[in-house]
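The values are calculated or read from the model by the stated rules, or taken from the named source; none is laboratory data. Keep in mind it's a predicted model, so treat the numbers as computed, not measured. For neighbour counting, all protein chains shown are included, and Cβ atoms are generated from backbone atoms with ideal geometry for every residue, glycine included.
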Amino acid sequence: MAGYFRTTLLLAALTALFMGVGYLIGGTAGMLIALAVACVMNLFAYWNADKMVLSMQGAQEIDEATAPEFFQIVRTLADRAGLPMPRVYLIDSDQPNAFATGRNPANAAVAATTGLLDRLSPDEVAGVMAHELGHVRNRDTLIMTIAATIAGAIGLLANFAIFLGGRRDNPLGLIGAIAMMILAPFAAVLVQMAISRSREYQADKAGAEISRVPLSLASALRRIDAMAHEIHNRTAEANPASAHIFIINPLSGGGIASLFSTHPSTADRVARLRDLAGAMGAAPAGARGGSVPPVVRGGRRAGPWG
């Protein structure tokens, strides 16, 4: 519950920032217009964000006939999580990665890259997809879509305000108003990062519980993180605004860019999963136990285990 309360406060902070920039542009009327615009944008995102994201990533929907065992993995995990069967997509990218989208569990979709199936073990794939279903169960896909929409709108409004010069009679004064217009988009990005990072930790926990192989999820996170810096995801690079939806940041940039990553430290996530595995008394990564079937794509075993 603490995580949801924190997320609610962060979303409220984003909305306040948006309305504040609107006030600097047009006073009380501008603030109300900004609120109305935010509502319209979020309504549009509520109904269309999943289609837009899947289209941007070049995702192709699959069924049980196309990839029977991968489809069965998702079905088994969805049943275990108490969720409706989501739509399942594949993305033609050699970089291993995955994401979930959709406004609610009844309209959810999960997507994995071909690299995820080719390069990770069956238990690691199961851990990753359980993480994504954790996002669905926690309704993170809608929360993160709203956060991204408001943060993007703040940036657009701030640029518009700078161009117009803002209200001269605002209580901050002209210099304060200009500073606010410059800092508001930066603050919005920080809040969006905080929301995304908080939800990733919760999805890791949910994924570990759903898959029952937390150490396999930890192993998958380490391997995906390493390969994300070596293998370019050209589609994700062309659409960097959607990087926050992936289980690991698909962008290959490092250095100062890592300070503004929407994802928490992989090492920290792995450490938390190891602690959780100890508390659960989970089997070591790779142990079959209560795991799910191996992944097969296109009628053959996918990856190095084939």
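Screening the range 214-306 for helices (runs of 4 or more DSSP H) wholly inside it with 2 or more residues that are over 17 Å from residue 123 (Cβ atoms) and at pLDDT below 90 returns the ranges 234-238.
Between 74, 40, 53, the distinction of being buried (at least 18 other Cβ atoms within 10 Å of the Cβ), free of Cβ contacts under 8 Å to residues at least 60 places away in the same chain and either among the aliphatic types (A, V, I, L, M) or in a helix (DSSP H, G or I) (or both) belongs to 74 only. Return the residue satisfying two criteria in turn: it lies in the range 114-139 and is farther than 17 Å from residue 67 by Cα and surrounded by fewer than 24 Cβ atoms within 10 Å (Cβ to Cβ), and of such residues it is modelled with the lowest pLDDT. The qualifying residue modelled with the lowest pLDDT is 139. In this structure, does residue 65 turn out to be modelled with pLDDT of 95 or more and at negative phi? No: the conditions fail for residue 65.
When residue 110 is tested against (1) assigned to a helix (DSSP H, G or I); (2) β-branched (Val, Ile, Thr); (3) without any contact (Cβ under 8 Å) to a residue 60 or more places away in the chain, exactly one condition is not met: (1). Against the test of being in contact (Cβ under 8 Å) with a residue 24 or more places away in the chain, touching a Gly at 6+ places or on another chain (Cβ under 6 Å) and of a type outside the set (Val, Ile, Thr), the options 63, 94 yield a single qualifying residue, 94.
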